[in-house]
Amino acid sequence: MTEERDAEERDAEERDSGERDSGAHRESPGEQTIAFRAIRDDEAVDRPAAPETASPSSGLGGRPGGHSEGGPAGAGEAEDAPQRRADDADDAEDAEDAEETEHPADEPGEPGERDESDDSDGDPILSFPMPEPVSAALTEALNQLRTAVKGLHFGLDVPGSEEARKAQAAVLAQLDDYVIPRVHMSTAPALIAVAGSTGAGKSTIVNSLAGGKVSATGVRRPTTATPVIVCHPGDHEWYAQGDLLSGLRRLGEPTRDAPAGSVVLTSSPSLPRGIALLDTPDIDSVVEEHHEIAHRMLDAADLWVFVTTASRYADAPSWGLLRRAKERGARLVIVLSRVPPRSRDVVVKHFGRMLSEYGLGEVECFVINETSVHDGRLPEIEIADLRIWLSGLSADDERRDAAVKTTLNGVLNSFRTRLPALARHLETQVALRADLRSDVDAAYMGALTRIDEATRDGSLLRGEVLARWQDFAGTGDLMRTLHLRRGGAKSHQQGPERVRGLKTALRSGLEALVNSAVQQAAEEVVARWRQRAGAGDRLAATPGLGRPSEEIARRTTRTVTAWQDHVTELIRTEGVTKRSVAKLISFDVESLSLIFMIGLLGYGATDAPAGAGAGALPQRLLRGLLGAESLRNISAKARSDLRARVGLLFDEETLRYVDALDSAGIPDEAAATRLYQATYNLEVAR
């Protein structure tokens, strides 16, 4: 009988050893290979926190390798559960004893290893190893990338511009809050963001894991307005003084009037060293600002714990967040909460199929039953598996570092698509600005062309100008400007009043022509911009762009007066004084320049009764005095000078539209090139 009892005891020990071996699988770095881990109602609340008890390969029903669809464990398994839990507890105690023997408290550990000396709370102090030196090339590449992204300006209201601005802000925030600090401090504690939809129970889970009410809960929505970081007291300084989320102001406790850009930082000894929980606002909150805060928190986290409920796991916001996690390559854990026990199997299987179809079938998942909440906390049995998983992540340096590196590499990999998308949108903005600028140029070039035509077809020789010219030529003042020399004596008899009147009328006619062209050009620019929906409409509504500037009249007068003086100087320096006729004829330069301007501006006029004569007489007289070749040269120079002066006047007017475009903050084409180059340099440095 003794031999039979000994044989039975050996068989039992072998069975227990096999069961312990099956539960001692450690997750390799970066591994994500768990389905849903069920929690039975007959399990005890107090469970060991050793990582060996949290098998990442346990599936539905909590059995190792449980990828079958057998549902919850049977009755026989329930009978063996107490024995297995006792064995697991013994294993955990043995592991702790072995660890204490291997690293006694009075012997300092090596750098980068766990320091088993106790802190003030009696918990072991975990010292993190220093990170590997970051290359100068990677540091420079990240700085160049940040500068290039910050230099982007999406000022024009075009389709996608608002999304581009948000994407730019997200990239900058992620670089400042997470990427650059994490690259330089890769061994800092891991930040785990708890995110989900409204009423999913995120804050309740955080409070339960922290062992106290550190985040507000309740039926009022939204509950969490300010993010909350809770960590072990020994890690408090990492998050209080570290660079992670350095752009956010730390608060000691949540307040109703917390300023924007704040985060509540608290600690709890119930959490293990090396990790911190970040309670985020709802991803589908009715407050738009909460969406942006939640996304910023997720972008700064090393791991994501996505919380959804049995009634809302199929909602679009939930899958939108899962898609974001997939695009970012973030290390992801899913918690399905508030699952009714009666429909647990159906809900779990359906959600599992949805995750598999979406490519997330291997993501670590936990199930929390629908239960009562006391003082903002769940019963310990409901979060036991999640607590064990967190403890295992804290204790296993390689596993934690692998999870952090997975998320960091995922963020850097996402830049391969996110940054070129920003560059392409910038190119769209630059192209649109070029189109808007071309609208301005086209309008004022058209105005300049109309002025050229009006100064060639005799349009100016009408009204007062024509009347003044006829009065000047018909009264004999025209001929009295030229006199024969007799005995060396000169006689000058002029009609100065008629000369000044004709000059003033001619100047006023040119000013009216230019001002009318400027008015028409301003109206045309606004009309063209309004045809470009969005950006054009907004810019066209800028006050004052639909009419000439207030100083245009004064500048036009100055321009025309300067041109008349230039023509007089041309006649003096290149006119009749160079010909032999100057020895016989004395002439008044100012009067002769007026005759030249009448001939220049009235040449070819045929639509007015006196237009042909008005243009022909000065031409014949000037050709005889100046010669055909000299007349052509002076005419070409005079027309070119008038066009240049009016063109300069128009350039001053177009500056108003250029300023309106520049005020939108659109960079030049080089900004997109710099962003492409910075993205390439980052890939090379990695």
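The overall shape of segment 627-685 is oblate: from the C-alpha gyration tensor, with semi-axes ordered a ≥ b ≥ c, the ratio a/c is 1.5 or greater and a/b is no larger than b/c. Extending 7 Å from the Cα toward the beta-carbon at both Glu629 and Ser516 defines two label points whose distance is 3.9 nm.
Between Glu292 and Glu253, the FRET efficiency from the beta-carbon distance, with R0 = 25 Å, is close to 0.60. With a ≥ b ≥ c the root eigenvalues of the C-alpha gyration tensor of segment 135-221, is it rounded (a/c under 1.5), prolate (a/b larger than b/c) or oblate? Judged from the Cα gyration tensor, segment 135-221 comes out oblate (a/c at least 1.5, b/c at or above a/b). Distance between the C-alpha centres of segment 148-185 and segment 662-679: 13 Å, rounded to the whole angstrom. Database remark: amide H of Ser337 closer than 5 angstrom to the amide H of Thr308, Thr309, Ala310, Ile368 (H placed geometrically; neighbours at sequence offset of 5 or more, or on other chains; Pro and chain starts carry no H). Taking Lys and Arg as +1 and Asp and Glu as -1, the other residues whose beta-carbon sits under 13 Å from that of Ala137 total -1. The figure for Tyr676 is an accessible area of roughly 90 square angstrom, using a 1.4 Å probe on the protein chains alone.
Modelled this way, with points 7 Å down the Cα-to-C-beta line, the labels at Thr139 and Ala169 are 3.1 nm from one another.
By per-residue mean of other Cβ atoms within 10 Å, what is the highest-first order of 590-596, 530-536?
Values: 590-596: 23.4, 530-536: 15.9.
Result, highest mean first: 590-596, 530-536.
How much of the accessible area of segment 641-686, in percent, comes from carbon and sulfur atoms when a 1.4 Å probe is used?
Numbers: 1240 of 2290 Å².
Reported share for carbon and sulfur atoms: 54 percent.
Heavy-atom accessible surface of segment 277-337, averaged per residue, reaches 30 Å², computed with a 1.4 Å probe. Once the chain from Leu448 to Ser246 is taken as fully extended at 0.36 nm per residue, the excess over their C-alpha distance is 67.0 nm. Residues Tyr313, Tyr178, ordered by accessible area of protein heavy atoms at a 1.4 angstrom probe radius and largest first, appear as Tyr313, Tyr178. Taking a ≥ b ≥ c as the square roots of the eigenvalues of the alpha carbon gyration tensor, segment 293-403 is oblate, as a/c is not under 1.5 and a/b does not beat b/c.
Packing-wise, with mean Cβ within 10 Å as the measure, how do 510-517, 225-232, 162-169 rank, highest first? Could the numbers behind the result be given before it?
On the way: 510-517: 19.6, 225-232: 25.0, 162-169: 15.8.
My ranking of the peptides, most packed first, is 225-232, 510-517, 162-169.
Using heavy atoms of the protein chains and a probe of 1.4 Å, the accessible area assigned to Val363 is about 10 Å².
Judged by the mean number of other Cβ atoms found within 10 Å, the most tightly packed of the peptides 421-427, 547-553 leads the ranking 421-427, 547-553.
The gain in end-to-end length when the Tyr358 to Asp659 segment is fully stretched comes to 103.4 nm, 0.36 nm per residue minus the alpha carbon separation. Solvent-accessible area of segment 286-326 (1.4 angstrom probe, protein heavy atoms only): carbon and sulfur portion equals 54 percent.
Summarising the overall dimensions of segment 495-563 from its C-alpha atoms, the Rg and Dmax are 16.9, 61 angstrom. Per-residue surface analysis assigns His295 an accessible area of about 60 Å², computed on protein heavy atoms at 1.4 Å probe radius. Between Leu648 and Ala562, the modelled label-to-label distance comes to 0.3 nm, taking each label 7 Å out from Cα in the direction of the beta carbon. The slack in the chain from Thr147 to Ala553, taken as 0.36 nm per residue of separation less the alpha-carbon distance, amounts to 141.7 nm. Heavy-atom accessible surface of segment 350-448, averaged per residue, reaches 38 Å², computed with a 1.4 Å probe. Report the FRET efficiency, 1/(1 + (r/R0)^6), for Lys637 and Ala434, where r is their Cβ-Cβ distance and R0 is 30 Å, rounded to 0.05. After rounding to 0.05, the efficiency reads 0.30.
The values are calculated or read from the model by the stated rules, or taken from the named source; none is laboratory data. Predicted model, so just to flag it, every value in this text is computed and none were measured. Positions of Cβ are backbone-derived with ideal geometry, glycine not excepted, and every protein chain shown enters the neighbour counts. Just the protein is used for accessible areas: all its heavy atoms, side chains included, with ligands, DNA and RNA removed. Shrake-Rupley method; radii C 1.70, N 1.55, O 1.52, S 1.80 Å.
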